[in-house]
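The structure appears right after this line, and notes come after that.
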Amino acid sequence: MRVLLVQSYLGRRETPILPLGLAYLANNLNGHEVSILDPNIEDDPYGAIRKRIEDFKPDIVGLSLRNIDTTSYRDMYYHYKTLEPTVELIKKAAPQSYLVVGGAAFSLFAEDIMSRNLKIDFGVYLEGEESFPELLNNLSNPGRVKGIYYREDEKLVFSGPRPLPDLEDASPNLDLLEVSRYKDGGEGIGVQSKRGCLLNCSYCTYPFLTGRSLRLRSPSKVVDEIEQIVEKYGVRQFTFADSIFNVPPQHAIEICEEIIRRGIRVGWAAFFHFKGIDENFVDLAHRAGCYLFIFSPDGYSDKALKILRKGIKKEDIRKVYNLAKKFKVSRFDFSFFINAPGQNYGDIAALLWLLVKTNFLLPQKKFMHISVNVPRIEPHTNLYQLAIQEGTLSPTDSLLPSDAALLPSLYYHNPRIRLAENIFSFLVTSKKVLNQLTGKG
């Protein structure tokens, strides 16, 4: 079969992110002719989809829905609004082709999305490296394939869950992508060393999407891939596309040591957990090429950290922060929620002082940065349940809104500090207006 894999169009120009999931999927489609298209790097995204369909004439179109929205209160944008016109375009350009939709964002709202978009023939739930190839061999009997949404007598049916695939022999097929178009900056190209998350952060969907146990790729195979993207594609910077790179610590250490042993000169960024971060590890990661250590403590009080289920205390944040002040080579970024549950006005004042001190006053400000945001409430999370308990969200409120104007209501609102939230919202809005007036936004 001729299989066209399409990354969903985000709806606006953003930093290009290589569709790593589609590259993994393509590598499992043995015996099929495969093409990958990312409309987000094209000048005319919809036109590029139409032209690729006309030229390639696919039997199957697989559409990966990666993002519902930005989940950023400071840069709110509803990517989901492009799904319906994309589905319409595909079915019009390829009326005889099957349309299969999957991806992380799809899996969060699979039943809802299938119910709203009747022209989608099949849905792939969670990771598709095994279920999608099986579906291609069972199009007339999709119920035989676990992890598939399909339609039967105008009813939506789910074939049932399936175990997540093993990663030991998994690898992406990057030859089907224009890797050079993602090389500007370090965040466009990702490398996975694992899937799954052992943490239990109250707002995060990673455990739901990738499982609560870790599936590790061997350090040697991870570094094989790094070596390939450096030597074959000329990549000089990448990001580890793991939920957390240094869990488990020894796995991260072995990857860093292998990069150093092979003499690979490449820069990389990753998200890190506070536990296990000391001078020896930071030095090792830096020598292996880490130029950006990203931390997401989110809360700035022990109470907030406990409610957020971060598994750390404020003292852990201080230790890594003080280490960052001493280590003036790589950059350390820390992100917080301005209105984390359990946080009070005193905590906010302390957080804002930390932000001002770090971003503007410290001599090390070039190597450290504090950012603040508001958490987006997502399904399958403890924060969703907390928002309902506190009465700031109704159980009947859809987290997949029909209109982008409803997005602000789907961010968490801390009932104890509404004044601070209102001030933050005013500052965000004022900055957007100023950017528009000055031509920066």
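The values are calculated or read from the model by the stated rules, or taken from the named source; none is laboratory data. This structure is a prediction, so every number in the text was calculated from the model and none was measured. Counting neighbours? That spans all protein chains shown, and the Cβs are built from the backbone with ideal geometry, glycine included.
Tabulated results
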{"quantity": "Scan of the stretch 55-81 for residues that are of a type in the set (Asp, Glu) and part of a helix (DSSP H, G or I), ordered by number", "calculated": "55, 75"}
{"quantity": "Helices (runs of 4 or more DSSP H) fully within the stretch 221-312 counting 2 or more residues that are farther than 20 Å from residue 199 by Cα, of a type outside the set (Val, Ile, Thr) and in contact (Cβ under 8 Å) with a residue 24 or more places away in the chain", "calculated": "249-262, 279-287"}
{"quantity": "Pick from the stretch 408-441, criterion assigned to a loop (DSSP other than H, G, I, E, B) and surrounded by 11 or more Cβ atoms within 10 Å (Cβ to Cβ), ranking: modelled with the lowest pLDDT", "calculated": "441"}
{"quantity": "Selected residue [at pLDDT 95 or above, out of contact with any Leu (no Cβ under 7 Å at 6 or more places or on another chain) and not hydroxyl-bearing (Ser, Thr, Tyr)] from 168, 154, 178, 127", "calculated": "178"}
{"quantity": "So residue 399, is it in contact with an Asp or Glu (Cβ under 9 Å, 6 or more places away or on another chain), aliphatic (A, V, I, L, M) and assigned to a helix (DSSP H, G or I)", "calculated": "no"}
{"quantity": "Selection count, the stretch 359-389, where residues are free of Cβ contacts under 8 Å to residues at least 60 places away in the same chain and assigned to a helix (DSSP H, G or I)", "calculated": "11"}
{"quantity": "Residues that are part of a loop (DSSP other than H, G, I, E, B) and either among the small types (Gly, Ala, Ser) or buried (at least 17 other Cβ atoms within 10 Å of the Cβ) (or both), drawn from the stretch 173-198", "calculated": "177, 183, 185, 186, 187, 188, 189, 192, 193, 196, 197"}
{"quantity": "Among the residues listed as 294, 260, 307, the single one being surrounded by fewer than 20 Cβ atoms within 10 Å (Cβ to Cβ), within 22 Å of the chain's Cα centre (by Cα) and of a type in the set (A, V, I, L, M)", "calculated": "294"}
{"quantity": "Residue among 361, 354, 323, 393 that is under 25 Å from residue 429 (Cα atoms) and surrounded by fewer than 20 Cβ atoms within 10 Å (Cβ to Cβ)", "calculated": "354"}
{"quantity": "Any chance residue 146 is surrounded by 14 or more Cβ atoms within 10 Å (Cβ to Cβ), modelled with pLDDT of 95 or more and not aliphatic (A, V, I, L, M)", "calculated": "yes"}
{"quantity": "From 57, 51, residue being free of Cβ contacts under 8 Å to residues at least 24 places away in the same chain, in the same structural domain as residue 123 (by TED's automatic domain parsing) and among the basic types (Lys, Arg)", "calculated": "51"}
